[in-house]
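Can you read through this structure? Questions will come right after.
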Amino acid sequence: KQRDRIAITVWLYGRQVRKGNDKLVVSLGKDSAKSGSGGAISIFDTVLPPPLPIAESINQQQKEATIFVAIPSYRDIETFPTIKSLIETSNNPQRIYIGVVFQIDTSSNEEIEQFTSGNNHASCFKKYRWNQQTNLRTITIDHRHATGPCYARHLAQSLHRGEQYILQIDSHMRFRPGWDDYLIHQLNLCQEPSMSVLTTYPPNYDPPHGPGSHAETRGTILVPWKFDDKDGMLRQKGRLMNNVTGSNQDSSNIPCLLFAAGFNFSHSSLLELCPYDGKLHGLFFGEEISMAVRLFTNGVDLFAPPETVCYHKWKRNPLREKQGANSDNGGDASIDANGPTRGREASLNVVRMQLRGMGRGLGTERTVKQFEESLGVDFEKLELLKGCENVGLEDKAFVSSSQRIAGDDTTLSGGKEVGIAENDMSTVMSLVSQFMGNK
């Protein structure tokens, strides 16, 4: 008896994949000839995003200026790939000094090796002559003693040793080539570089292969989103911009008022003027608006870079779910009531007082009322004023007024909703192979 048969059609969206030189390669299309690679690269190699435009006017002093990168890491397998990306895309790796605060299970040798060892990337560091022993500083604490991002960022800042610039990021990011020269140059375009910060929510990337050669390069800017019904904190999101300045060659930064904890670049002198508050324990939503109002009242101006500098993995680390839960003990029965979320309500009250113009950390250069009016929100009524989502720009400045991007509840890649990352063709091929092998 003849068995029933079925026909299956599989649609693959993305770059063309073909067989060549006994390995799968990806065709990059008509622009691939510029790379000199014949349009073929291994899908198992790291595919770097397009390099940043570096101004010819950047001077030797800027090229040699040291940068300290502060990274809090909570049980994150992406930490060393993030460090690798920083080093391999830097124009001057030797000037990059990195401080990491590892929050891990210190009772687990497996977790210590998995999260804090850079042995798998030693060849990369050697290739770029980056000395892990001299250029990497670390603090390790047990994750059961972690009290949220503010304390971790405070510890990371304590690892600064006099470098001229500071870049604060998260532990799951990828960078465009030339990021170091670009950020220094862009910061020095500001009217008062030492009193300015470059900050925004970057677009998404999906591990393990990163954003890829067709990654989004347009800039994003932070805008008010909504007030949370439970804690009353202002939520913010990033919006993808068109060429706001009207020209790809125009390198003007875009003024903004909101602060991204996971990507900000400034002169290290701001560590003294406005350091992270290590006493804001258990505070997850609220740290960014607190820093924004503190910086504003201390006379510091914030700007969004006109180009995307890096990419952020917006899919949440499942090991952080318990740490960031809303329950008093973080949702972990193994942690007592004095666990990661202890002090949350007290920390929220500190921020609430700051938004009323009182409390610690505020400056006297500008008022909270001026911040509120400029941002277009009402902190007392918990309301957004009409047009605040455009942050003073015209509608045409944005790719789409309704488009959800980095920082929203739904993770999007390059401004487009995708089920499988378009840059990760190996995932597609693996799924197809598994499916066909089980037919």
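The values are calculated or read from the model by the stated rules, or taken from the named source; none is laboratory data. Predicted model only: the values in this text are computed from it and were never measured. Here the Cβ is made from the backbone with ideal geometry for all residues, glycine too, and neighbour counts use every protein chain on show. Heavy atoms of the whole protein, side chains included, go into the accessibility calculation; ligands, DNA and RNA do not. Shrake-Rupley method; radii C 1.70, N 1.55, O 1.52, S 1.80 Å.
Could you list, in sequence order, the residues of segment 259-297 that are under 20 Å from PRO193 (Cβ atoms), open to solvent by less than 10 Å² (accessible area, probe 1.4 Å) and either basic (Lys, Arg) or assigned to a loop (DSSP other than H, G, I, E, B) (or both)?
Those that are under 20 Å from PRO193 (Cβ atoms), open to solvent by less than 10 Å² (accessible area, probe 1.4 Å) and either basic (Lys, Arg) or assigned to a loop (DSSP other than H, G, I, E, B) (or both): PHE259, ALA260, CYS274.
Now, a different point. Search segment 137-194 for residues being acidic (Asp, Glu) and closer than 20 Å to LEU273 by Cβ, and hand back the single one that is farthest from the chain's Cα centre (by Cα).
Taking segment 137-194 first, the residues acidic (Asp, Glu) are 142, 163, 170, 180-181, 192.
Right, trim to closer than 20 Å to LEU273 by Cβ and you get 163, 192.
Details: GLU163: 21, GLU192: 24 Å.
The qualifying residue farthest from the chain's Cα centre (by Cα) is GLU192.
Okay, moving on. Applying the selection to segment 79-94, what residues are touching a Pro at 6+ places or on another chain (Cβ under 6 Å) and open to solvent by 10 Å² or more (accessible area, probe 1.4 Å)?
Across segment 79-94, there are no qualifying residues.
Let me ask another. Please go through segment 85-94 and pick out each residue that is of a type outside the set (Asp, Glu), assigned to a helix (DSSP H, G or I) and under 18 Å from LEU52 (Cβ atoms).
Within segment 85-94, SER85, LEU86, ILE87, PRO93 meet the criteria.
If you scan segment 203-220, which residues turn out to be over 20 Å from MET241 (Cα atoms) and surrounded by fewer than 20 Cβ atoms within 10 Å (Cβ to Cβ)?
PRO207, PRO208, HIS209
Return the pairs, sorted by first residue and then second, in which the second residue is modelled with pLDDT under 95, the first residue lies in segment 65-85 and is under 19 Å from LYS127 (Cα atoms), the beta carbons are less than 6 Å apart, and the residues are 6+ apart or on different chains.
Qualifying pairs under 6 Å: PHE80/GLY118; PHE80/HIS121; LYS84/HIS121; LYS84/CYS124.
Would segment 45-67 turn up any residue that is out of contact with any Ser or Thr (no Cβ under 8 Å at 6 or more places or on another chain), within 27 Å of ASN119 (Cα to Cα), surrounded by 20 or more Cβ atoms within 10 Å (Cβ to Cβ) and modelled with pLDDT of 85 or more?
Scanning segment 45-67 turns up at least one residue that is out of contact with any Ser or Thr (no Cβ under 8 Å at 6 or more places or on another chain), within 27 Å of ASN119 (Cα to Cα), surrounded by 20 or more Cβ atoms within 10 Å (Cβ to Cβ) and modelled with pLDDT of 85 or more.
So, one more: Please specify each residue of segment 173-202 satisfying the condition of being touching a Gly at 6+ places or on another chain (Cβ under 9 Å), open to solvent by 10 Å² or more (accessible area, probe 1.4 Å) and under 16 Å from THR89 (Cβ atoms).
Passing the criteria: only ARG174.
When the residues of segment 95-136 are narrowed to those that are part of a strand (DSSP E or B) and farther than 12 Å from PRO72 by Cα, which ends up most open to solvent (accessible area, probe 1.4 Å)?
TYR97
From (1) open to solvent by less than 10 Å² (accessible area, probe 1.4 Å); (2) assigned to a loop (DSSP other than H, G, I, E, B); (3) in contact with a strand residue (DSSP E or B) (Cβ under 8 Å, 6 or more places away or on another chain), pick out the condition that doesn't hold for TYR311.
So TYR311 meets the others, but not (2).
Being within 13 Å of VAL309 (Cβ to Cβ) and of a type in the set (Ser, Thr, Tyr) narrows it down to one residue among THR134, THR217; which is it?
Going through THR134, THR217 in turn, the sole match is THR217.
Turning to a different aspect of this structure: Looking only at segment 374-389, count every residue that is open to solvent by 40 Å² or more (accessible area, probe 1.4 Å) and either touching a Lys or Arg at 6+ places or on another chain (Cβ under 8 Å) or under 16 Å from LEU302 (Cβ atoms) (or both) and tell me the total.
Adding up the residues that qualify gives 4.
Right, something else. List pairs: first residue in segment 90-103 and among the acidic types (Asp, Glu), second residue buried (at least 22 other Cβ atoms within 10 Å of the Cβ) anywhere in the structure, Cβ distance under 8 angstrom, at least six positions apart or on different chains.
Nothing qualifies.
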